[in-house]
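In what follows, a single structure is set out as structure tokens and then discussed.
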Amino acid sequence: MAKVVPGRYTAQMDDSFVVFRIGMRVNRLWAVHKWLPVFRAMSPMIRELYTQRELGFLDGSVHLSWRGVSLIQYWKSFEHLEHYARHGAKHLTAWRNFNRSIGTDGTVGIYHETYIVQQGQYETVYNNMPVYGLAKAGRHVPATGQRETASRRLGKDNEPAVPSPANPARE
């Protein structure tokens, strides 16, 4: 289990990056023979991404829900992500298998969302958390001074760095 880091931290990224959400939804629970292979295809892709960092994958996390699974991934650029989607060995195999066995029959739904985040156009805070999310993909830095509040992290607030009791730090 990841070690909890006491205190307030934020993420620091030096350039633009991509947030990519991808997942599957089981639409017909009893069709295990259809959705289980889709579920199982995710692990080899994740292993490929973690072992071949030159592909541009920075980090990711898996989230389970009642009918499916979602992955939140961080990528160096849209070009890296698109190149993997079109040329990644494990992805191409999984995509071909999905189209051959499921296609549009409605048994399993799949989705993705892509967000291109320009440098400095994000903010994060992690309080008493393990190194997580964007901080794991980039750098985990103390949320102090100009990084103390959401507004400051976005460069939109010029308040003094130390909040007063009448004007506490906002999140």
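The values are calculated or read from the model by the stated rules, or taken from the named source; none is laboratory data. Just so it is clear, the structure is predicted and the values come from calculations on it, not from any experiment. So basically every Cβ, Gly included, is an ideal-geometry build from the backbone, and we count neighbours across all protein chains shown.
Descriptive notes on the structure:
- One residue from Leu55, Leu29, Leu71, Leu64 being among the aliphatic types (A, V, I, L, M) and in contact with an Asp or Glu (Cβ under 8 Å, 6 or more places away or on another chain): Leu55
- In this entry, Leu58 is excluded by the filter for residues that are in contact (Cβ under 8 Å) with a residue 12 or more places away in the chain, at negative phi and in contact with a Leu (Cβ under 7 Å, 6 or more places away or on another chain).
- Positions within the range 51-81 being closer than 17 Å to Phe17 by Cα and among the hydroxyl-bearing types (Ser, Thr, Tyr), in sequence order: Ser61, Tyr74, Ser77
Per-residue answers, yes or no, for (1) closer than 28 Å to Trp66 by Cβ; (2) among the polar types (S, T, N, Q); (3) touching a Lys or Arg at 6+ places or on another chain (Cβ under 9 Å):
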residue	(1), (2), (3)
Glu113	yes, no, yes
Gln121	no, yes, no
Thr124	yes, yes, yes
Pro130	yes, no, yes
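- Scanning the range 83-101 for residues that are within 16 Å of Leu36 (Cβ to Cβ) and either crowded, with 17+ Cβ neighbours inside 10 Å or under 20 Å from the mean Cα position of the chain (by Cα) (or both) gives Ala94, Phe98.
- Test: residue in the range 73-82 that is of a type outside the set (Lys, Arg), at pLDDT 95 or above and loosely packed, with under 12 Cβ neighbours inside 10 Å: yes
- With respect to the stated conditions, Tyr9 fails to be surrounded by 14 or more Cβ atoms within 10 Å (Cβ to Cβ), in a strand (DSSP E or B), among the hydroxyl-bearing types (Ser, Thr, Tyr) and within 15 Å of the chain's Cα centre (by Cα).
- Residue in the range 87-100 that is part of a strand (DSSP E or B) and not assigned by TED's automatic domain parsing to the domain that holds Thr149 present: no
- Filter pass, Ala161 being in contact with a helix residue (DSSP H, G or I) (Cβ under 9 Å, 6 or more places away or on another chain), modelled with pLDDT under 95 and small (Gly, Ala, Ser): yes
- Verdict on Val38 being in contact (Cβ under 8 Å) with a residue 60 or more places away in the chain, hydrophobic (A, V, I, L, M, F, W, C) and in a strand (DSSP E or B): no
- Here Gln121 clears all of (1) part of a helix (DSSP H, G or I); (2) out of contact with any strand residue (DSSP E or B) (no Cβ under 7 Å at 6 or more places or on another chain) except the condition numbered (1).
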